[in-house]
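To start, the structure itself, in structure tokens.
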Amino acid sequence: QVQVTESGGGLVQAGGSLRLSCAASGIFVRFAAINWYRQAPGKQRELVATITSGGSTNYADSVQGRFTISRDSAKDTVYLQMNSLKPEDTAVYYCRRSTGARDYWGQGTQVTVSS
């Protein structure tokens, strides 16, 4: 069994920064890709950023240039550095770890950006 845990959310003023963390525990599983998603109230969950096992990254247009996804393989932790935050970034942020055959989701961490 794999448990995925997000942390690092909080309340920040517009223009500020936060760093989210996604850690995994339990049995060791090699993941093909790890994603950050977010879901704002009344909206669908959207893909924010992806990092593959090979280190390739991809971002939604709305966060390109402001967010950076990275990983610490030794800690099996993936980070989402969020800079120049905007009120429209307010959402619950979720980490998804995919083996290609199965997905593991965390419970989410709330990010609130005040104007």
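How many of the residues in segment 71-81 are out of contact with any Gly (no Cβ under 9 Å at 6 or more places or on another chain) and assigned to a strand (DSSP E or B)?
4
Any residue at all in segment 82-94 that is open to solvent by 60 Å² or more (accessible area, probe 1.4 Å), among the small types (Gly, Ala, Ser) and out of contact with any Asp or Glu (no Cβ under 6 Å at 6 or more places or on another chain)?
Yes, the conditions are met somewhere in segment 82-94.
Can you name the residue in segment 1-44 that is assigned to a loop (DSSP other than H, G, I, E, B) and in contact with a helix residue (DSSP H, G or I) (Cβ under 9 Å, 6 or more places away or on another chain) and is also farthest from Trp105 (Cα to Cα) among such residues?
Ala14
Pairs needed: first member in segment 10-33, touching a residue at least 40 places away in the same chain (Cβ under 8 Å) and within 16 Å of Tyr94 (Cα to Cα); second member anywhere, in a loop (DSSP other than H, G, I, E, B) and open to solvent by less than 30 Å² (accessible area, probe 1.4 Å); C-beta distance under 7 Å; at least 6 residues apart or different chains.
Leu18/Leu85; Cys22/Gly106
Which numbered condition trips up Phe67, out of (1) open to solvent by 50 Å² or more (accessible area, probe 1.4 Å); (2) in contact with a Phe, Trp or Tyr (Cβ under 8 Å, 6 or more places away or on another chain); (3) of a type outside the set (A, V, I, L, M); (4) within 21 Å of Gln110 (Cα to Cα)?
(1)
Residue by residue through segment 17-52, note down the ones that are surrounded by fewer than 15 Cβ atoms within 10 Å (Cβ to Cβ), small (Gly, Ala, Ser) and more than 17 Å from Arg102 (Cα to Cα).
Ser17, Ala40, Gly42
Looking only at segment 95-105, which residues are touching an Asp or Glu at 6+ places or on another chain (Cβ under 6 Å) and open to solvent by 40 Å² or more (accessible area, probe 1.4 Å)? Don't jump to the end; show me each part of the working.
Step one: list which residues in segment 95-105 are touching an Asp or Glu at 6+ places or on another chain (Cβ under 6 Å), which gives 95-96.
Selection gives Arg96 alone.
Just the residues that are surrounded by 18 or more Cβ atoms within 10 Å (Cβ to Cβ) and either under 12 Å from Ala24 (Cβ atoms) or at pLDDT below 95 (or both), please, taken from segment 106-115.
Gly106
I'd like the residue in segment 53-64 that is assigned to a loop (DSSP other than H, G, I, E, B) and not polar (S, T, N, Q) and, out of all such residues, is least open to solvent (accessible area, probe 1.4 Å).
Per the stated criteria, the residue is Val63.
The values are calculated or read from the model by the stated rules, or taken from the named source; none is laboratory data. Just so it is clear, the structure is predicted and the values come from calculations on it, not from any experiment. Please note: Cβ atoms are built from the backbone with ideal geometry, for glycine as well, and neighbour counts cover all protein chains shown. Areas reflect the complete protein model, heavy atoms only, side chains present, ligands, DNA and RNA absent. Shrake-Rupley method; radii C 1.70, N 1.55, O 1.52, S 1.80 Å.
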